[in-house]
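Notes for the one structure printed next.
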Amino acid sequence: MSVLQLVRHANRYREILSILVKFGFREFFEDAKLDLLLEKGQRLFSRGAAAETETASRPERLRMALEELGPTFIKLGQILSTRPDILPPDYITELQKLQAEVPPVPWSKIKPQLEDDLGDLHELFESLDEEPMAAASMAQAHRAVLREGSQPVVLKVLRPGIERVIRADVEILEAVADWVARHSEDLPFDPVSVVEEFSEAIGYELDFVHEGRNTDLFRSNLEEGEQAWFPEVYWQITRRRVLGLEEIKGVQLTNWRSAGLSDQQREMLVRNGAYTILRQVLDVGFFHADPHPGNLFLMDDGRLCFIDCGMAGRVDRETVTDLANLIHGIASSDIDKFYEAFLALGQVDEDQVDPRSLRRDLHDFLDQFTGVSFERLDMASMLRAFTDGLRKHRLQCPADIVLMIKALTTIEGVAEEIDPEFDLLGFARPHVEKLVKQQYSFKVIKGRFKRNAGKWLTLSERMPGRLTTILDRLGGNKFKIGLDVDGFQTLERTVFHSSRQLSYSILVAAMIMASSVLVLASSAGKTSALGWIGFIGFLVSFIFAFLILLENLWTKLRRKKDR
């Protein structure tokens, strides 16, 4: 953390720390030494500071603190709510309640930004509502009618100045994450990589061109006759800070109870949503990662419309197959298949875990489902067990797997709320079994052979030349083997430092003994010259000893900082 950064963001640091202390997180910041970031940190973290909401649980206080800290931290909390491999379930549940609704920005501030991005608004629109239809922490939406074709549209507009605020907050988070990583031991996750992932995600959220491309891609992947829809993007009024979308008429699923939907409508609605997400995840490999009720509309023609496509995920065919094997391994109580799928899905090296401990944990989980039919399995419970296993063994879940789990569990939660009788896993069973069987089909094996044929051909072409080179070097006694042992350089530095210190210590001890002999000889023979030489020897010896102590102290501090 540079001094310039600290000075530039000093007020924001003070505000962040004050709010978090206000909600009872003083001990965490003292443990991480974050109270030292501010000149007035000791006063701020005095024992007299008390949490404002003593009766609230710790997860509730964290949610309230993030809401008070503003849009950057609200978005951070929303992203952390998708990370069950990092946070325990009670924190995940609470962070999912984060509210991003804020008072709208006045039209007097929105209009100049729109004119800067789009030009003359009167030339583009027949009408443009100054009052927003919705407002959130990062953007707000305004209804408008295009002059071209009198088409009703919705303008999603980035809040003026929000980029500067988020950029400053992300810079602070990066500095704090680096500080925490260096001063806190035994963390279950890497705070630096979490903030890097957040920085990338919020960068996409600030770019509406990215969201427009995602929406267009989802539309292009729709099947003929599919009962799902994604809004049309109007690129002539879309820029980085403004997104023009088709206006969707219908019922937002947050209001499904008041809409008076029949049982048949609710069942069809849930099936359409589940089919769309499952098809996107298992077939297309590109999926809407946040299908919560606020992002879903039941259109007047019965189709289900997905909005807010900024958060999207991609998974390859191998990842989908690993997911199918995980589900099938649980359903069939096959510990070997479950174990292999767990490692593959989490991209885990066996060297990173204790295989015996991990297998025991997976066995304990399988025992809960022994004898349970496929239809009675719960996808959310299975995926939660996967993330719990990663967290217990201090493993981080890959970002694409996180988004896939979020999409599947979110749509299952929507289904359970609207139609409690709906079984997502039973609905997905035919596709899961098909994916498992496909791994051993002639067509898939043939495809694998084709993909690897080129590699084998290249290897066979290069092998004779490389073997000749190896044999020539062996024959000329020029063959060398290099070993890169993890930690060897540290060991080498430690041995070198220790041997040097030992040599210095022996030298100092010898000088002290010689000086003692000279002083004694001077006393016996009353020769003042020998006494002075002995005294100088003592003085130089003590100086050398003091320098050795200083060097040892400096080396310890430097190693602690490097860790």
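Pairing residues of the range 271-284 that are among the acidic types (Asp, Glu) with residues that are assigned to a helix (DSSP H, G or I), at Cβ distances under 9 Å and at least 6 apart in sequence or on separate chains, gives 283/320; 283/431. Selection over the range 122-137 of residues that are under 30 Å from residue 79 (Cα atoms) and either surrounded by fewer than 18 Cβ atoms within 10 Å (Cβ to Cβ) or of a type outside the set (Ser, Thr, Tyr) (or both) gives a count of 6. Yes or no: residue 88 within 30 Å of residue 404 (Cβ to Cβ), out of contact with any Leu (no Cβ under 8 Å at 6 or more places or on another chain), not β-branched (Val, Ile, Thr) and not assigned by TED's automatic domain parsing to the domain that holds residue 404? Taking the combined requirement at face value, the residue satisfies it. Would you mind stating whether residue 241 is closer than 21 Å to residue 408 by Cβ, touching a helix residue (DSSP H, G or I) at 6+ places or on another chain (Cβ under 9 Å) and of a type outside the set (Ser, Thr, Tyr)? Here the answer is no, as residue 241 does not meet what is asked.
One line per residue, one yes/no per condition, for (1) at pLDDT below 80; (2) surrounded by fewer than 21 Cβ atoms within 10 Å (Cβ to Cβ); (3) closer than 13 Å to residue 331 by Cα:
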site	(1), (2), (3)
357	no, yes, no
364	no, yes, no
376	yes, yes, yes
398	yes, yes, no
403	no, no, no
423	no, yes, no
432	yes, no, yes
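For the range 138-166, name all the residues that are under 18 Å from residue 209 (Cβ atoms) and either acidic (Asp, Glu) or exposed (fewer than 15 other Cβ atoms within 10 Å of the Cβ) (or both). Of everything in the range 138-166, just one residue is under 18 Å from residue 209 (Cβ atoms) and either acidic (Asp, Glu) or exposed (fewer than 15 other Cβ atoms within 10 Å of the Cβ) (or both), namely 163.
Go through the range 322-354 residue by residue and tally those that are over 23 Å from the mean Cα position of the chain (by Cα) and in contact (Cβ under 8 Å) with a residue 60 or more places away in the chain.
Filtering the range 322-354 down to residues over 23 Å from the mean Cα position of the chain (by Cα) leaves 324-325, 327-340, 354.
If we keep only those that are in contact (Cβ under 8 Å) with a residue 60 or more places away in the chain too, we end up with 324-325, 327-328.
Going through the range 322-354 one residue at a time, the tally reaches 4.
Screening residue 224 on (1) at pLDDT 90 or above; (2) not assigned by TED's automatic domain parsing to the domain that holds residue 310 shows it passes everything except condition (1). Selection within the range 107-121: residues that are touching a residue at least 12 places away in the same chain (Cβ under 8 Å) and aliphatic (A, V, I, L, M). The member of this set that is surrounded by the most Cβ atoms within 10 Å (Cβ to Cβ) is 114. For the range 122-138, filtering for residues that are free of Cβ contacts under 8 Å to residues at least 24 places away in the same chain and assigned to a strand (DSSP E or B) leaves 3.
The values are calculated or read from the model by the stated rules, or taken from the named source; none is laboratory data. Predicted model only: the values in this text are computed from it and were never measured. Here the Cβ is made from the backbone with ideal geometry for all residues, glycine too, and neighbour counts use every protein chain on show.
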